[in-house]
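What follows is a single structure, written as structure tokens, with notes after it.
The values are calculated or read from the model by the stated rules, or taken from the named source; none is laboratory data. Note that the coordinates shown come from a computational prediction; the quantities given were computed from them, not determined experimentally. Neighbour counts run over all protein chains shown; Cβ positions are idealised from the backbone, glycine included. Accessible surface is based on the protein model in full, side chains and every heavy atom, while ligands, DNA and RNA are left aside. Shrake-Rupley method; radii C 1.70, N 1.55, O 1.52, S 1.80 Å.
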Amino acid sequence: MSRVGKAPVFLDKTVNVTVSPKNEVVVKGAKHSLTIPMRPEIKAKVEDGKVILTTVGNEPTTPAFHGLYRALIQNAVTGVTKGWTRELELNGVGYRAAVSGKKLELTLGYSHPVVFMIPQGIEITVDKQTKIVVNGPSREQVGQVAAKIRSFRPPEPYLGKGVKYADEKIRRKAGKSAAK
């Protein structure tokens, strides 16, 4: 059995978790609601303010799914209570960002501005034109949106220009050395 899957997911008083007959776990918070569809070999039950997962069958992959779904439910509970945040930084002369309505407009050194439509359920704020903060209840969606924004101009190793995560370290390369 999975060591991660054995641990119960503890719930706050503000979180409501239900298990539907279609084997879906629905996590509801004050503002958001997330649904986690589960495989048939994993069963969930809610009792005494915690979610307990059990396995059915002896397939070799079942322990991995046991731990996976426990982590997904924990991420959903954290997401509806505190939310998930990912920060990005723009490094480069003239690189800037601005939010207008449901659009993120990026100036990244191309001949045209890059326009990114903000998906439903995600909130993006810009500080000082060079810092982008992505917020949302779903950890997966926040990470996916941050990765998509980073992919418009990944940081390059010589000057460090581009879009990088705030906690990311760029390994810098030495440029050409002068010949004698």
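Below is a table of values for the structure above.
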| read-out | value |
| --- | --- |
| In the range 81-94, residue surrounded by the fewest Cβ atoms within 10 Å (Cβ to Cβ) [restricted to those that are at pLDDT 90 or above and of a type in the set (A, V, I, L, M)] | L88 |
| Tally, over the range 1-21, of residues that are among the hydrophobic types (A, V, I, L, M, F, W, C), surrounded by 12 or more Cβ atoms within 10 Å (Cβ to Cβ) and part of a loop (DSSP other than H, G, I, E, B) | 3 |
| Test result for T78, in contact with a Phe, Trp or Tyr (Cβ under 8 Å, 6 or more places away or on another chain) and under 25 Å from R139 (Cβ atoms) | yes |
| K180 being open to solvent by 30 Å² or more (accessible area, probe 1.4 Å) and at pLDDT below 90 | yes |
| Pick from the range 111-154, criterion open to solvent by 40 Å² or more (accessible area, probe 1.4 Å), in contact (Cβ under 8 Å) with a residue 24 or more places away in the chain and over 19 Å from the mean Cα position of the chain (by Cα), ranking: farthest from V80 (Cα to Cα) | R153 |
| Close pairs from the range 1-24: first in contact (Cβ under 8 Å) with a residue 24 or more places away in the chain, partner open to solvent by 50 Å² or more (accessible area, probe 1.4 Å) and in a strand (DSSP E or B), Cβ under 6 Å, at least 6 apart | P8/K50; F10/K50; V17/V46 |
| Qualifying positions in the range 155-172 - surrounded by 13 or more Cβ atoms within 10 Å (Cβ to Cβ), touching a Phe, Trp or Tyr at 6+ places or on another chain (Cβ under 8 Å) and not in a strand (DSSP E or B) | K161 |
